[in-house]
Amino acid sequence: MKVTVVLVAICALILLNPGTTRSDELSDLKDAVQKLQKRIDDLEKKQKEEAEAVKEVKARPSPREAVAEALAKQVTVGGHLKFFLADQSLGTVTTASLDDDSQHDTFAAGVNDLWLYFNKKLTDWLQITVGPQIHVSAGATPLLGGNIERSTSASIDVDLDEAYMMARLPRGFEVKAGAIYPYFSEEYATKTWWHEQYHGNEGLMTLEAWQSTGIEIYRTFEFDAFSLPVYFYPFLNGENRTFDQDDQPSRFTDNNSAKNMLLHVAPEFLAFGSKIRLLGSLGGGKWDDDGKKNSYQWAAGADFTSGGLNLSGEYMYRWREDLPLLGGGNEDGEDKGWYLQLRYTLNPQWRFVLKYSDVDLWTSATAGIDTQNYKVLSAGINFWITDSSTIMPQFEYVNADQTGSPNELEYFRYTVGWRTTF
């Protein structure tokens, strides 16, 4: 159409000037016009293609949206955030230089922990789980031999809390391999305490704590009258009992080849309309770098549930051979203790927790192994403001002392915490 219009205009000029235009000039001019029109058509085509490309780019998701979409299709992401709205300790301290000195730390609020969980199902039978933890510490938990105080600054540690592969095998077997929570104390391995208390009972956390790299083999055996979950650990890199965040990386390495083994069973049955579970653990291995010094551990407990009422408790014992003394030499050391917990769930929104523990922990001294004793009474409330967000007020009474030392500690602590799962 455009070519026609141009030709008509040229022809009109030719007719108006017949004496000055020859036929060959008319042919050349027509060729030039056609070439010009082709260039115009090519340019319009290119502009149209570029417009379509721009439109396509605008329709594409941003890099952030693309990553989010990919993760949603392939990886399940969740986590826990735990922080406190109020926290303070008040009590008395006795040391070599203090005698029943009244002390308290500052009233404060802050963030405590953030756990993230990444789960990827690789096949129908294999999946990977990675759980990094960001832990914030202000040194506010009173310790034997120290003052009741809160640090003027907080430290932030990033830890790989869990990281393992899990395989579902025939005949109901499941295998985990990697950084795991072995079932020594079931309360600790299942993180039950973390969901029900803002602060775990002092001393008890050290006795229960066990994280390691290794292999877990699990299967539940079903019988007519009861079921029997069994957790077997053919090897674990270590059995360090510590709840100190700074010591946690030690579980990723072990300098001897005599690994620790552990077995945990939890038979479960129904009686009198209630669910009863018996708990038992037995383990042993070598704890030193040379693989010469023995260690063994055992635990026994029970869990009783009837309606909204739950009563549970465990006794735990851990022994190490030839612990080094500060003044030179060696001596055997043992940790032992127990807890009893009463939990009542009134309805889906309210739960009440009462817990008492009595724990003895070894500590190396100059002339021998001393014993630190912690008696703790804790009372807490779980109030769900949503299905995944819980307000956690908690009150604690702690009475601690150390043999072979003047160190004594008695204090009350109140905390208003907030935990959210997402």
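By average Cβ neighbour count within 10 Å, what is the ranking of 234-240, 348-354, 276-282, 90-96 from highest down? Please report the intermediate quantities before stating the final value.
Details: 234-240: 19.7, 348-354: 14.9, 276-282: 18.1, 90-96: 16.4.
Highest-to-lowest ranking by the protection proxy: 234-240, 276-282, 90-96, 348-354.
Which length gain, in nm to one decimal place, applies between Q47 and N256 when the Cα-Cα distance is subtracted from 0.36 nm times their residue separation? The partial results should precede the final answer.
Details: separation 209, 0.36 × 209 = 75.24 nm, distance 7.13 nm.
Extra length from Q47 to N256 when fully extended: 68.1 nm.
Note the full-extension length gain between V230 and V158 as 0.36 nm times their separation in residues minus their Cα-Cα distance, in nm to one decimal. Provide the component values of the computation, followed by the final result.
Values: separation 72, 0.36 × 72 = 25.92 nm, distance 3.21 nm.
Length gained between V230 and V158: 22.7 nm.
Return the subset of K275/K355; K191/K375; K82/K259; K82/K191; K293/K336; K120/K286 for which the Cα-Cα distance in this structure is over 25 Å, preserving the input order. Don't skip to the answer; put the middle values down first.
Values: K275/K355 20 Å; K191/K375 21 Å; K82/K259 34 Å; K82/K191 14 Å; K293/K336 19 Å; K120/K286 35 Å.
Those over the limit are K82/K259; K120/K286.
Note down the relative contact order for region 374-417 as a percent, whole number, built from C-alpha pairs under 8 angstrom at least six residues apart. Write out the running numbers ahead of the final one.
Details: 78 pairs, mean separation 16.0, N = 44.
With pairs under 8 Å counted, the relative contact order is 36 percent.
Compute the length gained on full extension between D387 and K35: take 0.36 nm times their separation in residues and subtract their Cα-Cα distance, giving the result in nm to one decimal. Before the final figure, lay out each step's value.
Working: separation 352, 0.36 × 352 = 126.72 nm, distance 7.33 nm.
Additional length available on full extension: 119.4 nm.
Place a point 7 Å from the Cα of F118 along the Cα-to-Cβ direction; which residues of region 133-168 have their backbone N under 19 Å from it?
133-135, 157-167
Bear in mind that the values in this text are calculations on the coordinates, not laboratory data. Computed from a prediction, not measured in an experiment: that's the story for all the values here. Quick reminder, even Gly has a Cβ in these numbers, built from the backbone with ideal geometry, and neighbours come from all protein chains shown.
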